[in-house]
Amino acid sequence: MTLMYARSLKHQKHSFFLLGPRGTGKSTWLAQFFPQAKVINLLDESLYQSYLADISLFYDSLKLLKPHSWVVVDEIQRLPNLLNEVHRLIEKQKLRFALTGSSARKLRKSGVNLLAGRAHRYYMYPFTPKELGQDFNLDQALCYGTIPLIQAQGDKLSALNSYVQMYLKEEIKAEALVRNLPGFVRFLPVLALYHGQIINTSSTARDAEVSRTTVNGFIEVLEDTLLLNKLPAYEARLRVREKKHPKIYWMDPGIVRTARKRTGPVTIEEKGSLFEGYVYMCLKVKMEYESAFDEISYWSSGTAKNIEVDFLLQNGSEFIAIEVKTTKKVKAEDLKGLKVISDLKGVKRRIFVYLGTTQMEKDGIEIMPFTVFCKKFLTV
């Protein structure tokens, strides 16, 4: 079963990379916008082996296409050296390429020609509330996530378990991204506990029974296979302060819960970080697809202890501060961070997102139910 929703990523006119974890809908999107494209799927093992034996076959199979024709190459990271041939075909034959991948690791580490600016880079994410429209359900999103491949399944729990196993088998083991696969398997549920937090590397290494260096390498693998993002701390340039470590956010709530081996309804203890992480993913989509702002970070007060704001959106010299809570009633302590951050130069808006139903303003802080935030901020 295939679910068709309008994605936020727009049609492209020039060659581009489209990166994202498997199951996020890259091939479906490409089939919609480039139905006449020549498709080369490197997951086809016989085709992959033929190019591996003689890479010139790739060029020969495309050189007779008309100028400006589109070519889709799926899972380009499996054979990064093809990018040299892609470059040649762009220059000599004037072809246009859509290059998909589920891992930036082999592309980055291979040292191959990344097309020298001739191809933009875009990312495909799980569904956002805007994309799902009336079918969006927050409780379901936090429980099972919104990866398109999972959304299309009747038994989402089994599908998520299969997805994680597929990731371990096809991304990690088959591509030999880590040497210590048992350690990586032990590491995943430990790291899932740090969703939305600064990771304690020493504790994680101890619990996963691996070294700290190995933990850092495993985190890098998750970043490169696009399942994990690091959210940096905002560092004020005008004053010296202790450097803050980044927080980590998994790509999807369903992956977090599966890695934690959690089933059933989302508990109160889980809900806060899952909700916060989902909002972060939606903000990244808005930033990357709409160029709505330049950077996302979290903010920590340099003077008041334990005072933070979840997200600080920077656009030039201006900022929007956003705090996210699962509470249904707004308490004074929920707004502490947003009150303190008003002293940061350039803060133009302060928004508190919660699961209540009343929209209001208090001390210059915009208090928005999540449903309103989706309509008035995420979709504008």
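The values are calculated or read from the model by the stated rules, or taken from the named source; none is laboratory data. The model shown is predicted, which means the values in this text are computed figures rather than measured ones. No Cβ is skipped: glycine too gets one built from the backbone with ideal geometry, and neighbour counts run over all protein chains shown. The protein model used for the area step is the full one, side chains on, heavy atoms only, and it has no ligands, DNA or RNA in it. Shrake-Rupley method; radii C 1.70, N 1.55, O 1.52, S 1.80 Å.
Within segment 192-230, the set of residues being crowded, with 18+ Cβ neighbours inside 10 Å and within 23 Å of residue 18 (Cβ to Cβ) comprises 221, 222, 224, 225, 226, 227, 228, 229.
Of all residues in segment 326-333, none satisfies being surrounded by 14 or more Cβ atoms within 10 Å (Cβ to Cβ) and out of contact with any Gly (no Cβ under 8 Å at 6 or more places or on another chain).
For segment 31-78, a residue qualifies if it is open to solvent by less than 80 Å² (accessible area, probe 1.4 Å) and of a type in the set (Lys, Arg), and exactly one does: 78. For the condition in contact with a Leu (Cβ under 7 Å, 6 or more places away or on another chain), aromatic (Phe, Trp, Tyr) and over 30 Å from residue 133 (Cα atoms), residue 5 does not qualify.
The requirement of being closer than 21 Å to residue 81 by Cα and within 27 Å of the chain's Cα centre (by Cα) is fulfilled nowhere in segment 46-53; no residue meets it. Restricting attention to segment 281-298, the residues that are assigned to a strand (DSSP E or B) and more than 16 Å from residue 353 (Cα to Cα) total 3. Taking the conditions (1) farther than 24 Å from residue 124 by Cβ; (2) modelled with pLDDT under 95 in turn, residue 288 satisfies each one other than (1). Of all residue pairs spaced 6 or more apart or on separate chains, those with beta-carbon atoms under 6 Å, a first member in segment 252-278 that is touching a residue at least 40 places away in the same chain (Cβ under 8 Å) and hydroxyl-bearing (Ser, Thr, Tyr) and a second member that is buried (at least 23 other Cβ atoms within 10 Å of the Cβ) and part of a helix (DSSP H, G or I) are 258/160; 278/253.
Scan segment 177-225 for residues that are farther than 19 Å from residue 102 by Cβ and of a type in the set (Phe, Trp, Tyr) and the total you get is 2. Which of the residues belonging to segment 250-271 are open to solvent by 30 Å² or more (accessible area, probe 1.4 Å) and not aliphatic (A, V, I, L, M)? Matches in segment 250-271: 260, 261, 262, 263, 264, 265, 267, 269, 271.
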